[in-house]
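The structure appears right after this line, and notes come after that.
The values are calculated or read from the model by the stated rules, or taken from the named source; none is laboratory data. Just so we're clear, the structure is a prediction, and the values are computed from it rather than from any experiment. Glycine also receives a Cβ, built like all others from the backbone with ideal geometry; neighbour counts cover every protein chain displayed.
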Amino acid sequence: MKLIVGLGNPGKKYERTRHNVGFEVLDRLAGRFADAPAKEKFDGLVAEATIADRRTLLLWPQTLMNRSGRSVGSALAFYKLELTDLLVVCDDFNLPLGKLRFRSQGSAGGQNGLDDIISRLGSEEFARLRIGIGPVPDQWDPADFVLGRFDADERPAIDEAIGQAAEGVACWLADGVEACMNRFN
């Protein structure tokens, strides 16, 4: 079994914001592959799916972005999964809009949800897929920027990136992170 985590903030207030692209990728995957609607579990919403012939859990932490580690740690422990079974999908304002970047491990790079997951798990050694939402305009505070919605002219690019990210998740499940880095980065 593999665990795919999409990062975001719960509630209508945050829907379709830059910070919630991880949720949107999981929504896309659930729409195609989920066996049943998501259920509340592990301080999040969890849906089981079969993607690339693999039993997969989709997890939307409902703890707010900066506390995502609690939800992720609980799911990993319950299912006795290894860090190699985990892929975290999140936004990155340091990447240009729509750019995808797979990594097998690494620092949080300023992404507070990743930072909390790393802190809770005590390791940086898990795969992540970052989706570019940047750059932050000079006059913007980064916190306000990530909580804002995409402009109408940005939405087509981010919708395409979300579709590519969903394909990337299937690639990760089928072929591993190295294949994804070669194909999507």
Filter segment 129-185 for residues that are among the basic types (Lys, Arg) and free of Cβ contacts under 8 Å to residues at least 60 places away in the same chain; the one that is farthest from residue 109 (Cα to Cα) is 155
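Which of the following residues is surrounded by fewer than 17 Cβ atoms within 10 Å (Cβ to Cβ) and at pLDDT 95 or above: 106, 22, 110, 69? First the steps, then the outcome.
Numbers: 22 fails: surrounded by fewer than 17 Cβ atoms within 10 Å (Cβ to Cβ); 110 fails: at pLDDT 95 or above; 69 fails: surrounded by fewer than 17 Cβ atoms within 10 Å (Cβ to Cβ).
Result of the check over 106, 22, 110, 69: 106.
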I want to confirm something. Restricting to segment 141-176 and keeping residues that are touching a strand residue (DSSP E or B) at 6+ places or on another chain (Cβ under 7 Å) and among the aromatic types (Phe, Trp, Tyr), which single residue is nearest to residue 25 (Cα to Cα)? 172
If you take the residues of segment 51-70 that are within 13 Å of the chain's Cα centre (by Cα) and in a helix (DSSP H, G or I), which of them is nearest to residue 124 (Cα to Cα)? 69
Within segment 123-158, the residues that are more than 14 Å from residue 96 (Cα to Cα) and charged (D, E, K, R) are 124, 125, 128, 138, 141, 144, 149, 151, 153
Taking residue 114, is it in contact with a Leu (Cβ under 7 Å, 6 or more places away or on another chain) and hydrophobic (A, V, I, L, M, F, W, C)? no
Give the residue that is farthest from the chain's Cα centre (by Cα), with candidates limited to residues of segment 103-126 that are in a loop (DSSP other than H, G, I, E, B) and either closer than 10 Å to residue 72 by Cα or among the hydroxyl-bearing types (Ser, Thr, Tyr) (or both). 123
Residue by residue through segment 84-95, note down the ones that are outside any strand (DSSP E or B) and either surrounded by 15 or more Cβ atoms within 10 Å (Cβ to Cβ) or in contact (Cβ under 8 Å) with a residue 60 or more places away in the chain (or both). 85
